[in-house]
1. Condition first: of a type in the set (A, V, I, L, M, F, W, C) and touching a helix residue (DSSP H, G or I) at 6+ places or on another chain (Cβ under 6 Å). Now tell me which residues in the stretch 326-362 satisfy that.
2. Picking from Ala312, Ala255, Ala360, which residue would you name as being in the same structural domain as Ala382 (by TED's automatic domain parsing), under 24 Å from Gly197 (Cβ atoms) and not hydroxyl-bearing (Ser, Thr, Tyr)?
3. Answer with yes or no whether Val94 is of a type in the set (A, V, I, L, M, F, W, C), within 30 Å of Ile76 (Cα to Cα) and buried (at least 17 other Cβ atoms within 10 Å of the Cβ).
4. Can you find even one residue in the stretch 262-285 that is farther than 16 Å from Ala191 by Cβ and either assigned by TED's automatic domain parsing to the domain that holds Thr120 or over 23 Å from the mean Cα position of the chain (by Cα) (or both)?
5. With respect to Thr93, determine if the residue is of a type outside the set (Gly, Ala, Ser) and not in a loop (DSSP other than H, G, I, E, B).
6. For the stretch 380-391, enumerate the residues that are in contact with a strand residue (DSSP E or B) (Cβ under 8 Å, 6 or more places away or on another chain) and either surrounded by fewer than 18 Cβ atoms within 10 Å (Cβ to Cβ) or under 12 Å from Phe321 (Cα atoms) (or both).
7. Determine whether Gly248 is without any contact (Cβ under 8 Å) to a residue 60 or more places away in the chain and exposed (fewer than 15 other Cβ atoms within 10 Å of the Cβ).
8. Of the residues Pro322, Pro340, Pro287, only one is closer than 30 Å to Asn228 by Cβ and in contact (Cβ under 8 Å) with a residue 12 or more places away in the chain; which?
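The values are calculated or read from the model by the stated rules, or taken from the named source; none is laboratory data. Everything quoted here is computed from the prediction, not taken from an experiment. Please note: Cβ atoms are built from the backbone with ideal geometry, for glycine as well, and neighbour counts cover all protein chains shown.
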Amino acid sequence: MRRGRYRFYGLTPGDYLVVAMRLGASLSGVRTLSDAEVDAALKGSRIPPALPGDPTSLPAPVYFPGTARVSDATTITVAAGDERSNVDFRLETVRTASLEGTIATVNGQAPAAVTLTLTTASPSNPSNERQFARPAPDGTFKLTNIKPGSYNLVAREGTAEARFASAVVEVNGVDQIGFQLTLLPPLTLSARIAFEGTAAPPTLAGRRIPFRSLAPDGTSGPPPQVGNTAATGAFSITGLLPGQYVIGGPLFFGATTDSVTWTLQSAVADGRDVTDLPLVITADAVPKNVVVTYGDQWQELSGRLRQSSNAAATEYTMVVFPADKKYWLPGSRRILTVRPDSTGQFRVGGPGPITLPAGAYLLAAVTDIERDEQFDPSFLDALVPSAIPVTLAAGQRQVQDVVIK
């Protein structure tokens, strides 16, 4: 790089962020002053000697178009054959910050066996910033080298009480001291199930509704406990932390008449459709009216994958994914892969829990895919330009052949 010019080449189509990072904590002897040094200078006092290579305060990365907050970064979309120029931005000196505070129980006691997790507040944030810490015996804690941005700070007790504390933290390059967290009892979500369809509805009692967290791997603490449904269809989920969850899925593992007939039709929380979407739970707002409905209607998408010569194209993998990006979530039942058989025939969906929900989809054929790569938004973005749009209506069996050109 000369005179600040840079160039990336050989990029695959997709969306990118451009970020500039300094190679060291200081350049040519220039460094960022600490808060103590600034306070001393303003008061006319002697500036305390600096510790070389202070590990708690490093230059923060800067994202195009010139922001230290990744949530404010501009995405650069590169299509096949594109050459993007003039992606210029100015580097600003912004340092990382530290967060110091105290965690205690409601009666002011320092808790034991607590883990703190700091994650980016936006689930779509591509940086996936995450830090862990354990408080000292007196309840004090410190997190360092936090880049500017919005974060969720969650503390969870690894004991039978499973108490928690949570807060949203805004970081702008300034150290924060005296942050206080108070552990509270875990949250409880009450919900119920219902059956709607042409077949006689099964009994409501004794069901276990799938419920999973969208939190990154490594979140501490035991998972929420999902209770069995009562005769009325009511059930409770206990031990909840604030966060994002997905509710609904197969009725139970194992083949029974009910489990192979009925499939998730909808999930509604306080009047909002959250079917296959994040159910947001906060310390101050737990949904009060959650209904998970199962139906016996099913959809299916099938076809034949072939070469232009009409020969079967068996070396490809078919990827079916939603046209709406809000459904691009890890483990989504709306994102499927399938290999064609020896004649090129493929099929996704069917009756019961394997059905493909009604909606707008994109269909693509790929030659190389890694495990779980179909859930990577950047991978799906690269498939969009060449994918075939397909719409599945409720109860429809759609046939869509694909020709490799």
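1. Trp328, Ile335
2. It is Ala360.
3. Taking the combined requirement at face value, the residue satisfies it.
4. Within the stretch 262-285, one or more residues are farther than 16 Å from Ala191 by Cβ and either assigned by TED's automatic domain parsing to the domain that holds Thr120 or over 23 Å from the mean Cα position of the chain (by Cα) (or both).
5. Considered against the rule, which asks whether it is of a type outside the set (Gly, Ala, Ser) and not in a loop (DSSP other than H, G, I, E, B), Thr93 comes out as no.
6. Selection gives Leu380, Asp381, Leu383, Val384, Ser386, Ala387, Ile388, Pro389, Val390, Thr391.
7. Answer is no for this residue.
8. Pro287
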